[in-house]
Amino acid sequence: MTRIDDKFAALKAEGKKAFVSYIMAGDPDEAVSLEVMKGLPGAGVDIIELGIPFTDPMADGPTIQLAGQRALKAGMTLQKTLDMAAEFRKGDDTTPIVLMGYYNPIYNRGVDKFLVDAKAAGIDGLIVVDLPPEEDEELCIPAQAAGLNFIRLATPTTDDKRLPKVLTNTSGFVYYVSITGITGSAEASAEDVAPEVARIKAATDIPVIVGFGVNTPEKAEAIASVADGTVVGSAIVSQIAAGKPVAEVLAFVKTLSDGAHRA
């Protein structure tokens, strides 16, 4: 049982849906990023997705791409991302942290070393968007053996033939991408999402969380109502990009988490 499993069990016992937030590690710099991260649980965030900045983020729209560029320009690295998680863990040993990013930085570090270091830093799960199920031996299976959840993305193009392959070796939760395209590129629709979530849930007992295109409290509530929870990333990152004070960013996050928790 990971912190992610424990969190979903606790939410289920309370009859609540999960609110997951994404931030880019090191955006706009290490200090502000860590301050935001430390404030997320108090703003109602159940699970934190922490982005690893990367030079070629193919699945991300302009908002997340620019966040990664700001972080890299400020000197953020994979090691500093792990250090940020470890610093967060000094004050919070219960909120799950999922690292989200691309395989290249992990490959360059070396899978074995990365997994040891990630576990030591208090990481609970991984979302690596450019490693398909066919590459499970690379990272997915070693990660699960190390006690980390490996969370897979399902999309509107994941048909019934492909779905079992996507669900194989997936743990923690399934991240359903509500739209076809990049992050922040369109708005999610609960009407479109509901049947897809039901299709995935018919094939697995793992919670299904929906992200991409969720940017208001009302949207968070609507999407969470047809899934096990929702993810917001670009809308939060946009607040940081605008230079809003940390307190304002967290107040905005609270409105989103309140929406999801009303579902």
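The values are calculated or read from the model by the stated rules, or taken from the named source; none is laboratory data. This one's a predicted model, so the numbers in the text were calculated from it and none came from an experiment. So basically every Cβ, Gly included, is an ideal-geometry build from the backbone, and we count neighbours across all protein chains shown. The area values use the complete protein model at the heavy-atom level, side chains included, leaving out ligands, DNA and RNA. Shrake-Rupley method; radii C 1.70, N 1.55, O 1.52, S 1.80 Å.
Quick look at the values:
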{"quantity": "One residue from K38, K80 being closer than 18 Å to L126 by Cα and open to solvent by 10 Å² or more (accessible area, probe 1.4 Å)", "calculated": "K80"}
{"quantity": "All positions within the stretch 156-178 that are surrounded by fewer than 17 Cβ atoms within 10 Å (Cβ to Cβ), within 20 Å of the chain's Cα centre (by Cα) and within 18 Å of E135 (Cβ to Cβ)", "calculated": "T168, N169"}
{"quantity": "Residue ID - nearest to the chain's Cα centre (by Cα), chosen from residues in the stretch 51-72 that are buried (at least 24 other Cβ atoms within 10 Å of the Cβ) and outside any loop (DSSP other than H, G, I, E, B)", "calculated": "G51"}
{"quantity": "Any hit, the stretch 233-247, residues being within 15 Å of K16 (Cβ to Cβ) and assigned to a helix (DSSP H, G or I)", "calculated": "no"}
{"quantity": "Failed condition for D258, given (1) outside any helix (DSSP H, G or I); (2) in contact with a Phe, Trp or Tyr (Cβ under 9 Å, 6 or more places away or on another chain); (3) surrounded by fewer than 24 Cβ atoms within 10 Å (Cβ to Cβ)", "calculated": "(1)"}
{"quantity": "Only one of I127, I179 that is touching a residue at least 40 places away in the same chain (Cβ under 8 Å) and β-branched (V, I, T)", "calculated": "I127"}
{"quantity": "Candidate set from the stretch 41-50 (those that are surrounded by fewer than 24 Cβ atoms within 10 Å (Cβ to Cβ) and in contact with a helix residue (DSSP H, G or I) (Cβ under 6 Å, 6 or more places away or on another chain)); member that is nearest to K7 (Cα to Cα)", "calculated": "G44"}
{"quantity": "Selection count where residues are among the acidic types (D, E) and over 26 Å from L131 (Cα atoms), scope the stretch 28-77", "calculated": "3"}
{"quantity": "All positions within the stretch 231-255 that are open to solvent by 40 Å² or more (accessible area, probe 1.4 Å) and among the polar types (S, T, N, Q)", "calculated": "S238, T255"}
{"quantity": "Considering residues of the stretch 4-35 that are open to solvent by 60 Å² or more (accessible area, probe 1.4 Å) and of a type in the set (A, V, I, L, M) only, the residue nearest to A86 (Cα to Cα)", "calculated": "A31"}
{"quantity": "Residue satisfying all of: in the stretch 188-230; open to solvent by 20 Å² or more (accessible area, probe 1.4 Å) and polar (S, T, N, Q); farthest from G44 (Cα to Cα) among these", "calculated": "T204"}
{"quantity": "Some residue of the stretch 10-23 being farther than 26 Å from P217 by Cα and free of Cβ contacts under 8 Å to residues at least 12 places away in the same chain", "calculated": "no"}
